[in-house]
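Okay, structure first, notes after.
The values are calculated or read from the model by the stated rules, or taken from the named source; none is laboratory data. From a predicted model like this one, the values you see are computed outputs, not experimental measurements. Heads up, the Cβs are rebuilt from the backbone with ideal geometry, glycines too, and the neighbour counts pull from every protein chain shown.
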Amino acid sequence: MNEHKPIETIQPGCESCPAHHAANLLKLGVDMQDWDYVVALAGNPNTGKSTVFNALTGLRQHTGNWPGKTVARAEGGMEYAGSRYKLVDLPGTYSLLSTSVDEEIARDFILFGQPDVTIVVVDATRLERNLNLVLQVLEITDRVVICLNLMDEAKRHGLTVDDRRLARDLGVPVVPTVARYGKGLDALLQSIHDVAAGKLRTKPYRIQQFSKELEGTISDLSKKVRAVFPNLPNPRWVAIRLLDGDERIIEAFEKGDLGELSQNTTESVELQPQLSRGHAK
Amino acid sequence: MNEQKRPNAEQVLAHARDLRWKISSNLHERLLEGIYTEASRLAERAVSRPDSPPRFDLDRAIDRLVTSRIWGFPIMLLLFTLIFWITISGANIPSGWIAHLLLDKLHPLLKGLAANSILPVWLQGLLVDGMYLSTAWVVSVMLPPMAIFFPLFTLLEDFGYLPRVAFNLDQIFKRTGAHGRQALSMMMGFGCNAAGVIATRIIDSPRERLIAIITNNFALCNGRWPTQILLATLFVGTLVPAQLAGLISALTVVGVALLGILLTFLVNWFLSRTWLKGEVSTFSLELPPYRPPRILQTIYTSVIDRTIFVLWRAVVFALPAGALIWLSANIHIGDLSVAEHLINILNPIGLFLGLNGVILVAYIVAIPANEIVIPTILMLTVLLTGMNSVGSGAGVMFQLESNQATLGVLQAGGWTLLTAVNMMLFSLIHNPCSTTLFTIFKETGSKKWTVLSALLPLTLGFIVTFLVAHVWRLIAAIS
């Protein structure tokens, strides 16, 4: 679904010109035919995921200044630099180890939906807590772009966030934005495009936290997991979840759901029209 | 292919289970610890804080005020009363304009057109007097209050006030044996209960989520605000001098909404001690930063997303309901029409509850959407009282130039202050609309809980209206 057709219609020089980006973005709304790439929007609650989603797709998914507003996933489309993208706005989560339905929807999609790019929208004023989720996402997938949002709030609180150092440390692109006022979205689009098209190789930061012995056990189990589900992109992560006794992963493992990758349909999609029309209040 | 792999998967799982016993038991803690330590280290490297603490933190200052023990609740009441006061006093005039346009001007025009067409007379009546008029009524009564209420409410939301309300309430929710996040799903319910039920997904314990789903109905929804606003204006506002009418009506609506919150607590408490016993979960509720509301954008989205959406839903349900009512008023069995038979059957029960047969029929008609309760009641009342001067025949929705005319119709139908009060109570406490029930069924996957969600508030509604009616009559008899 994603290897072939990035149709580059733009002259090489124009691509890097900031003035060109806005013109390149075509908001497709709910038109999501023949997409080339799938992009997931993850992040802690109330960091502005839906605002980024609306800005990119031209949809008007109801946004609210409170955590937990998006409880199902919303989908929309956009076209940028000749490629068509399907965007999936996920419910906000603090972690991927947790148990509520909204967090499960987010985790399942990143895990089984295999998005080409996962954007983690991060609140610049609460970086430490937001990084908890970022680090967990980086364990699952390496195609990640960090959208360092609410930079205006950070400034208002007198905080300076060094996005370059963060990008170096995390090994993935970090783009500072103020999504509410459309600032930084050009650079975000460019990063999404670069990662999706494979122009930019990420080197995600992985936590080294286990003893040699435990690492041996994990990699041994990972091999066995891979033997059962050869297409799994992150057997190590699944192995750790199994060792941790994660009931949902064990269940998915038993039923063979882990093998049916990218066919993820949750019931949340059916309920979505009620929410996207915005009477979610 | 799964058939071949499944035994293999089981072996791997069994192996993993064995390993879990062998490795140290604190894997989960070590995982979390690793994540927290690294997140903290990386954040430390990237963020530089100002050397001196900020001179004055506006957010903290506002928070201290709106979530304070003393001022939190009064400010909440003040803000909501203000919103309803603006809604009630602002909606009257545009309501009149729209009614004038749709009912006085457009209706005769359509009637004339129909009369000259080849359509049979009964179909003319069904289309123009039944379907068109009921729709026009819904639009003129509901559009103005919604066009004022929703943008105001959305501005409050965009500013970041709602999580503070939830913050003020979450301790009480916990004390009633429910999850503090239910405060948030309840806030969603104030717009639409179906959305509120979906919003309970943020509650991770199934027990507390069920409680939140069952009690969401006690949050007054879009379909019921207009009923409350209209009745408060007509029956309560007119009890006081004209200058105070708007304020008193607004306070009445706030009072009903507060009663809904109180009932939520009571039913929470009841459920968590009977069918849904269990531990209360802990959670952290985050207070987002205040943001200057984007006024134009908020007005745009609240008009498009909420006002038009709700109005559309009302119209969609009003069209067939209008047709149904017109038919029931014009098809006769013996001397009386179908509608009259139905009303006569339900009237004793209605009066026993301090309501009347018309109201009960209206609530049966309005199971798909609470929005059409008031239009149905008015039309049936006119039919029953034979007030032909207001309408133009059986089952015809009529011109209501002013609230005074509406009041006149209801009083002719035998309405007293008690009827209005009980009607407002019953509007708050009865079964959820069919959309919400369907959503409950989809979210819980259980017929049992869906039926309970319908019957529990309905029973409670009967009990409350019965008690109010009898105490009221007792007091009236004594004095």
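Among the residues of this structure, A:L138 counts as one that is buried (at least 22 other Cβ atoms within 10 Å of the Cβ), in contact (Cβ under 8 Å) with a residue 60 or more places away in the chain and closer than 20 Å to B:I35 by Cβ. Return the residues of the stretch A:114-152 that are touching a Lys or Arg at 6+ places or on another chain (Cβ under 9 Å), away from chain B (no Cβ under 11 Å) and not in a strand (DSSP E or B); say none if nothing qualifies. Correct list: A:P115, A:D116, A:I140, A:D142, A:M151. B:G130 meets the stated requirement of being crowded, with 24+ Cβ neighbours inside 10 Å, over 27 Å from B:V303 (Cβ atoms), among the small types (G, A, S) and over 15 Å from the mean Cα position of the chain (by Cα). Might you let me know whether the stretch B:58-78 holds any residue that is among the aliphatic types (A, V, I, L, M), more than 11 Å from every other protein chain (Cβ to nearest Cβ) and touching a Ser or Thr at 6+ places or on another chain (Cβ under 9 Å)? The answer is yes; a qualifying residue exists.
Screening B:L239 against (1) within 10 Å of the chain's Cα centre (by Cα); (2) at pLDDT 85 or above leaves a single unmet condition, (1). Given the criteria of a type in the set (A, V, I, L, M, F, W, C), modelled with pLDDT of 85 or more, on the phi < 0 side of the Ramachandran plot and not in a helix (DSSP H, G or I), does B:L251 qualify? No, not satisfied.
From B:T282, B:T274, grab the single residue that is away from chain A (no Cβ under 13 Å), modelled with pLDDT under 70 and within 30 Å of B:W449 (Cα to Cα). The conditions single out B:T282.
Which members of the stretch B:127-146 meet the condition of being at pLDDT 80 or above and among the aliphatic types (A, V, I, L, M)? Residues satisfying the conditions are B:L127, B:V128.
Give the residues of the stretch B:241-262 that are closer than 15 Å to B:A183 by Cβ and of a type in the set (A, V, I, L, M, F, W, C), sorted by residue number. B:A257, B:L258, B:I261, B:L262 - these are the residues of the stretch B:241-262 that are closer than 15 Å to B:A183 by Cβ and of a type in the set (A, V, I, L, M, F, W, C).
B:M146: within 14 Å of chain A (Cβ to nearest Cβ) and assigned to a helix (DSSP H, G or I), yes or no? For B:M146, the condition - within 14 Å of chain A (Cβ to nearest Cβ) and assigned to a helix (DSSP H, G or I) - is met.
Residues in the stretch B:332-384 that are among the charged types (D, E, K, R) and in contact (Cβ under 8 Å) with a residue 24 or more places away in the chain: B:E340, B:E371. Filter the stretch A:48-80 for residues that are at pLDDT below 85 and among the β-branched types (V, I, T); which is surrounded by the most Cβ atoms within 10 Å (Cβ to Cβ)? Checked the stretch A:48-80; the qualifying residue surrounded by the most Cβ atoms within 10 Å (Cβ to Cβ) is A:T70. Among the residues making up the stretch A:196-226, those that are facing another protein chain (nearest Cβ under 7 Å) and without any contact (Cβ under 8 Å) to a residue 40 or more places away in the chain are A:Q209, A:L214, A:T217, A:L221, A:K224, A:V225.
Just to be sure before I move on: is B:I211 crowded, with 23+ Cβ neighbours inside 10 Å, touching a residue at least 24 places away in the same chain (Cβ under 8 Å), within 30 Å of B:S446 (Cβ to Cβ) and more than 14 Å from chain A (Cβ to nearest Cβ) in the structure I sent? Yes: the conditions hold for B:I211.
Taking the criterion of being of a type outside the set (A, V, I, L, M), surrounded by fewer than 21 Cβ atoms within 10 Å (Cβ to Cβ) and under 30 Å from A:A239 (Cβ atoms), the residues of the stretch A:142-172 that qualify are A:D142, A:R168, A:D169, A:G171. Of all the numbered requirements in (1) in contact with a helix residue (DSSP H, G or I) (Cβ under 8 Å, 6 or more places away or on another chain); (2) surrounded by fewer than 18 Cβ atoms within 10 Å (Cβ to Cβ); (3) not in a loop (DSSP other than H, G, I, E, B), B:V280 misses one, and that requirement is (3). For the stretch B:329-352, the set of residues classified as within 25 Å of B:W472 (Cβ to Cβ) and buried (at least 24 other Cβ atoms within 10 Å of the Cβ) consists of B:I343 only. Please verify whether the stretch B:108-115 includes one or more residues that are touching a residue at least 24 places away in the same chain (Cβ under 8 Å) and either outside any helix (DSSP H, G or I) or not aliphatic (A, V, I, L, M) (or both). No: the stretch B:108-115 contains no residue that is touching a residue at least 24 places away in the same chain (Cβ under 8 Å) and either outside any helix (DSSP H, G or I) or not aliphatic (A, V, I, L, M) (or both).
Of all the criteria given as (1) at pLDDT below 85; (2) within 14 Å of another protein chain (Cβ to nearest Cβ), the one not satisfied by B:Q182 is (1). All told, B:L327 falls short of being over 20 Å from B:V138 (Cβ atoms) and modelled with pLDDT of 80 or more. Number of residues in the stretch A:195-225 that are more than 27 Å from A:V120 (Cβ to Cβ) and among the basic types (K, R): the value is 3. One residue is enough: does the stretch A:90-101 have a residue meeting the conditions within 8 Å of chain B (Cβ to nearest Cβ) and part of a helix (DSSP H, G or I)? Yes: the stretch A:90-101 contains one or more residues that are within 8 Å of chain B (Cβ to nearest Cβ) and part of a helix (DSSP H, G or I).
For (1) surrounded by fewer than 17 Cβ atoms within 10 Å (Cβ to Cβ); (2) over 24 Å from B:D170 (Cβ atoms), each residue gets a yes or a no:
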| residue | (1), (2) |
| --- | --- |
| B:F218 | no, no |
| B:C221 | no, no |
| B:T227 | no, yes |
| B:L231 | no, yes |
| B:L244 | yes, yes |
| B:A257 | no, no |
| B:L263 | no, no |
| B:N268 | no, no |
